[in-house]
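Single-structure report; data block below.
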Amino acid sequence: MGDIAGAGLLSHAPVIMFPEPARTAANGGRDFTLATGLERLRREVTEPAAYDTVVVFDSHWATTTEAVITAHPRRQGLFTSDEMPSAISRLPYDLPGDPGLAHAVAGLAAERKVWIEVNDDPYLPVHYATLNLWTYLGRAGTPWVSVSVCRTATTEDFLRIGEVVGEAIAGLGGRRVLLIASGGLSHRFRPLAELRDRMAADPAHIVTPGARAADEQRIAWLEAGRHDEVIRSMPGYLRFAPEARFGHYLMLAGALGGEACRARGRRFSAYENGIGTGQVHLWFGLPAGGGG
């Protein structure tokens, strides 16, 4: 059987792509732990890990009528962000793909009547929710596959999509896969006139005290392995506008067993502000064979 070799809820906040002097200037003389935490995650976890493919649940890739999984043999080029071209410009990327895994997911989805489509169109855009993390964690020759967040999906849909991904991986003999939910927590930005005074990592800059409290509660649950609490409380959490309706996390959770998952999250960053939004890195310890 295939195996999920590791899983994480990781921030792709654009600040991690700033040069270190710019990061420390924005943060009052200290680097963001969102950047240093990814460096530590690579050293301690992903670099020594044995895995064949990375699957990214990409919160910046919004589709409408289905989730989509990439099946390109390779994606390569230069990337400039239409959202923040001054921060991420002409970033070179070279991502091998895993068409076999992508088609296995789509085939199982068709059997389960879950709307996941496969796509290998060479003109399909790539997004920085994938590329920012690949820049820190990618290694030469290892495939990276992206899965979109369907904007019409419900919490239950996201969980089912993730479940199909997890089942498809299990059906690929000998395959070891890392899963990454790339995105933030609460996701309302500070107004433009305030942004440049709210760049620092201190969570005092989170847009409201209620959003901060909601984020910190979810972090505590995830550190305790209580994915069931996070999933059951989604109606309340949606009031704080989690990024992509928390679809990136929910698909990850679905792949790990949904409410039955008890994998505990280990922090690889502090809880930090991203111009009003909540950001953190959590890596989940998994027993052999999945979420447990």
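The values are calculated or read from the model by the stated rules, or taken from the named source; none is laboratory data. Bear in mind the structure is a predicted one, so any value in this text is a computation, not a measurement. Here the Cβ is made from the backbone with ideal geometry for all residues, glycine too, and neighbour counts use every protein chain on show. Each accessible area value is taken on the protein alone, full model and side chains, heavy atoms only, with ligands, DNA and RNA left out. Shrake-Rupley method; radii C 1.70, N 1.55, O 1.52, S 1.80 Å.
At most 10 other Cβ atoms within 10 Å and a DSSP loop assignment: could you name the trypsin sites (Lys or Arg not before Pro) in the range 54-120 that fit?
Of the trypsin sites (Lys or Arg not before Pro), the ones in loops of the range 54-120 whose Cβ has at most 10 other Cβ atoms within 10 Å are R90, K113.
Quick one: 3J(HN,Hα) in Hz for the range 28-44, Karplus 6.51/-1.76/1.60 with θ = phi - 60°, rounded, Gly and Pro as x.
x, x, 10, 6, 6, 5, 4, 7, 5, x, 5, 5, 5, 4, 4, 4, 8
What FRET efficiency comes out for the pair R188/N119, r = Cβ-Cβ distance, R0 = 25 Å, nearest 0.05?
Once the sixth-power term is evaluated, E becomes 0.20.
For the range 160-176 and the range 47-103, what is the centre-to-centre distance using only Cα atoms, to the nearest Å?
Rounded to whole Å, the Cα centres lie 19 Å apart.
Collect residues whose amide H, placed 1.01 Å from N in the peptide plane, falls under 5 Å from the amide H of G274; neighbours closer than 5 in sequence don't count.
Counting only residues 5 or more places away or on other chains, the set is Q279.
On the Cα set of the range 12-73, report Rg and Dmax in Å, please.
15.9, 45
Starting from the Cα gyration tensor of the range 228-283, multiply each eigenvalue by 5, take the square root, and state the resulting semi-axes largest first in whole Å.
20, 16, 9
Hey, if we sort T152, T70 by accessible area with the 1.4 Å probe, largest down, what's the order?
Per-residue accessible area, sorted high to low, gives T152, T70.
As I understand it, the value is the acute angle between the Cα axis of helix 209-223 and the longest principal axis of the Cα atoms of the chain; what does it come to in degrees, rounded to 10?
40 degrees
Tell me, what ³J(HN,Hα) does each residue in the range 73-89 have, in order and in whole Hz, if you take phi through Karplus 6.51 cos²θ - 1.76 cosθ + 1.60 with θ = phi - 60° and put x for Gly and Pro?
So the J values, rounded to whole Hz, are x, 7, 10, 8, x, 10, 10, 10, 6, 6, 7, 9, x, 6, 9, 10, 9.
Amide H neighbours of A181 under 5 Å, at least 5 residues apart or on other chains, H built in the peptide plane: list them.
When sequence neighbours closer than 5 places are left aside, the close amide H contacts are G8, L9, L10, F57.
In the chain, what percentage of the DSSP-assigned beta bridges are antiparallel, given to the nearest 5?
If I count the DSSP bridges inside the chain, around 40 percent turn out antiparallel.
Give the angle, between 0 and 90 degrees and rounded to the nearest 10, that separates the Cα long axis of helix 99-112 from the longest principal axis of the Cα atoms of the chain.
Once rounded, one gets 80 degrees.
For H103, H281, give me the order by solvent-accessible area with a 1.4 Å probe, most accessible first, ignoring ligands, DNA and RNA.
H103, H281
Once amide H atoms are placed 1.01 Å from N in the peptide plane, what residues at a sequence separation of 5 or more from L172, or on another chain, have their amide H within under 5 Å of its amide H?
When sequence neighbours closer than 5 places are left aside, the close amide H contacts are G2.
Sum -39500 (n - 2.57) across every DSSP H segment of at least 4 residues in the chain, then divide by the residue count to get the 222 nm mean residue ellipticity, nearest 500.
Value at 222 nm, helices only, nearest 500: -9000 deg cm²/dmol.
Rounded to the nearest whole Å², what accessible area per residue is found for the chain with the 1.4 Å probe?
I get 42 Å² per residue for this part.
Per 10 Å bin, what is the whole-percent P(r) computed from every C-alpha pair distance within the range 51-189?
11, 45, 34, 9, 0
Once the other residues with Cβ under 12 Å from the Cβ of R266 are scored (Lys, Arg +1; Asp, Glu -1), what is the net sum?
Charge balance in the 12 Å sphere: +1.
P(r) of the chain in 10 Å steps, Cα pairs, percent per bin?
7, 31, 38, 21, 3, 0
On full extension of the chain, what length is gained from A50 through R262, given 0.36 nm per residue of separation minus the C-alpha to C-alpha distance?
74.1 nm
Ignoring any ligand, DNA or RNA, what whole percent of the accessible area of the range 172-292 comes from carbon and sulfur when the probe is 1.4 angstrom?
Accessible surface attributable to carbon and sulfur in the range 172-292 totals 54 percent.
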